[in-house]
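I have placed the structure first, in the form of structure tokens, so that the comments after it can refer back to it.
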Amino acid sequence: PGKAKRDGALDSLLRDLARADLIILDEFGYVPFDIDGARLLYRIIAGSYERRSIIFTTNIEFSKWGTIFADDKLAAAIIDRIVHHGRLIEFTGPSRRVSQALMFGKTDNQ
């Protein structure tokens, strides 16, 4: 969204997202947002609320989302919308990537 805003294509991106049935935010939170990016994401999530599904994949717990958005109140507003109708699926156990890591002597046949 930040690039689209800089390129003048933000309105087009927002229209495309409004037509989507599903938005997936993969590995969410690994790169923190600046305040403009956080506000824009809030706008997208609020616009999606009760209209379309959003999937977040992350290993960052909700209590740390304020650092992602650089604003605890904005994070709380986003979390509020997510958890209202959301489902949390938690995966535990060893990482598949680590268990198959070539660096640890694993091969595709193991």
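Please treat every number below as a calculation from the coordinates, not as lab data. Bear in mind that the values here come from a model prediction, so they are computed numbers and not experimental data. Cβ coordinates were reconstructed from backbone atoms using ideal geometry, including for glycine residues, and neighbour counts include every protein chain displayed.
In a reduced charge model with +1 at each Lys and Arg Cβ and -1 at each Asp and Glu Cβ, segment 2-104 shows a dipole moment near 180 debye about its Cα centre.
Mean silhouette area of segment 58-110, derived from the convex hull of its C-alpha atoms and averaged over all directions, reads 5.5 nm². Relative protection proxy for 19-25, 69-75, from highest mean packing down: 69-75, 19-25 (other beta-carbon atoms within 10 angstrom). Taking every C-alpha pair closer than 8 Å and separated by at least 6 residues, the mean separation divided by the residue count of the chain gives a relative contact order of 25 percent.
Over the chain, all Cα pairs binned in 5 Å intervals from 0 give whole-percent P(r) values of 2, 10, 18, 20, 17, 11, 8, 7, 6, 1, listed from short to long.
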